[in-house]
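A quick write-up on the structure given underneath.
Just so it is clear, none of the values below were taken in a lab; they were calculated from the coordinates. Every value quoted in this text rests on a predicted model; they were computed, and no experiment measured them. With ideal geometry, Cβ positions are generated from the backbone for all residues, glycine too; neighbour counts draw on all protein chains shown.
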Ligand code: G6P
């Protein structure tokens, strides 16, 4: 009812706005800036199993799978362990190689997704160690894993997942930091700067949420669109996938996420003056290359909505719309860059009069195949 929405018109908007508080809860007792430490009880209790892993296999569906793609990048980068990311529905049916030296990380908001549960069962039968990242306390997935970490973001009601995604990315970041420290694969300096930055993320998210009115305004321009393209690179490539998924789910506009460099291998053929392209072009190692993609889109008259880092005055001159984010460390960028895409999908769907909290044909938790 209206009371549970806490004054917001929809659960989805409430949950988007809750994210700074949710991440504070997620990090409470885990990220400690006074002692410069990240503590996950699972990493303490199952240190041997986690440190001996030859490989991590992340299994998930939907938005949780997108969080897994970000987790792969941060785990490989900080811990130097190979990580595979699989759709649970594919993994369970394709006779995958699983050994007792594998650690499976199962990510699920609801903890009830049938395909993810079945994939866990298969991995267990083959001797893998199972680590869960879930939200719903005491749900089926946490009960079937060897250990895990809850994301602690509170109940998520909107069918389109928002705060669970940022909670999952936060737990994966803490896991990567804690393991990298144990393994000695991260310099003390890098470790400290990421810990400090992670701690600062909720505050920076508050800044990003102030863009809500601006995003609501620009959303009105794009309700005409029948297609959208989302581009990003590196850590922001999964964010592009997630932004496209949010738009599809609640506004019913067809949207595709792509790694920006792959645009030339297909999507560029779709670009004309009717095609809005959301480009995540923050100030990181890939900036010049993504800037080049924006120029290619503009040369074909596409409409560019650019997500940039504060103070960028190059892209603001060529993009149609610019959304500025506070600067942060590259591996944590998804925690900020996801928010404007959640808001964009939300406002476009509201402008189109769609039922954002309960989109047609979708379920919050998919407990059957
Ligand atoms: C459904 C939901 C999505 C969710 C996916 C995986 O499709 O609508 O929001 O990402 O299931 O759910 P899980 O609970 O396993 O994260």
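Among rounded, prolate and oblate, which fits region 64-190 when a ≥ b ≥ c are the square roots of the eigenvalues of its C-alpha gyration tensor, a/c under 1.5 means rounded, and a/b larger than b/c means prolate? Walk me through the intermediate numbers first.
Details: a/c = 1.79, a/b = 1.13, b/c = 1.58.
Oblate.
Taking Cα pairs under 8 Å and at least six residues apart, what relative contact order does the chain come out at, in percent? Mind dumping the intermediate values first?
Details: 726 pairs, mean separation 70.7, N = 369.
It comes to 19 percent, rounded to a whole number.
Mind giving me the nanometre distance, one decimal, between the label points for residue 220 and residue 207, set 7 Å out from Cα along Cα→Cβ?
Using points 7 Å along Cα→Cβ, the separation is 2.8 nm.
What residue among 199, 265, 152 shows peak mean-square fluctuation when the chain is described by a Gaussian network model with Cα springs under 10 Å?
265
Classify region 220-369 as rounded, prolate or oblate from the Cα gyration tensor: take a ≥ b ≥ c as the square roots of its eigenvalues, call it rounded if a/c is under 1.5, otherwise prolate when a/b beats b/c and oblate if not.
Details: a/c = 1.68, a/b = 1.39, b/c = 1.21.
The shape class here is prolate.
Suppose a student asked you for the relative contact order of region 13-134, using Cα pairs under 8 Å spaced at least 6 residues apart; what percent would you report? List each step's numbers first, then the result.
Values: 162 pairs, mean separation 29.1, N = 122.
Relative contact order of region 13-134: 24 percent.
Under the classification rounded if a/c is under 1.5, otherwise prolate if a/b is larger than b/c and oblate if not, where does region 64-136 fall, given a ≥ b ≥ c as square roots of the Cα gyration tensor eigenvalues? Mind dumping the intermediate values first?
Values: a/c = 1.65, a/b = 1.12, b/c = 1.47.
Oblate shape, in that a/c is at least 1.5 and b/c is the bigger or equal ratio.
Quote the FRET efficiency, to the nearest 0.05, computed for residue 362 versus residue 187 with a Förster distance R0 of 45 Å and r equal to the Cβ-Cβ distance. Display every interim value, and only then the final one.
Working: r = 44 Å, r/R0 = 0.97.
Step by step, r from the Cβ atoms, then E = 0.55.
In whole angstrom, how far apart do the alpha carbon centroids of region 58-80 and region 12-26 sit?
So the two Cα centres are separated by 21 Å.
At a Förster distance of 22 Å, what's the computed FRET efficiency of residue 227 paired with residue 317, Cβ-Cβ distance as r, to 0.05?
Numbers: r = 26 Å, r/R0 = 1.17.
For residue 227 and residue 317, the calculated efficiency is 0.30.
In degrees from 0 to 90, rounded to the nearest 10, what is the angle of the helix 212-221 Cα long axis to the longest principal axis of the chain?
So the inclination is approximately 50 degrees.
Taking neighbour Cβ counts within 10 Å as the exposure measure, how do 22, 134 sort from fewest upward? Kindly include the intermediate steps, with their values, before the conclusion.
Working: 22 25, 134 30.
In increasing order of surrounding Cβ atoms, one gets 22, 134.
List the relative contact order of region 253-319 as a percent without decimals, with contacts defined as Cα pairs under 8 Å and 6+ residues apart. Mind showing how you got there, number by number?
Details: 72 pairs, mean separation 23.3, N = 67.
Contact order relative to length: 35 percent.
Where is the GNM fluctuation largest for the chain (alpha-carbon springs, 10 angstrom cutoff): 218, 75, 344?
Looking only at 218, 75, 344, the largest GNM fluctuation is found for 218.
Among DSSP beta bridges lying fully in the chain, give the percent that are antiparallel, nearest 5. Kindly include the intermediate steps, with their values, before the conclusion.
On the way: 2 of 41 bridges.
DSSP beta bridges in the chain are roughly 5 percent antiparallel.
Given the Cα-Cα distance of residue 121 and residue 295 and 0.36 nm per residue of separation, how much length would full extension add, in nm? Please list the in-between numbers first.
Numbers: separation 174, 0.36 × 174 = 62.64 nm, distance 4.81 nm.
So the chain would gain 57.8 nm between residue 121 and residue 295.
Alpha carbon centre of region 145-178 versus region 305-333: separation in Å?
26 Å
Given the options 102, 45, 146, which has the most mean-square fluctuation in a GNM of the chain, springs set between C-alpha atoms less than 10 angstrom apart?
45
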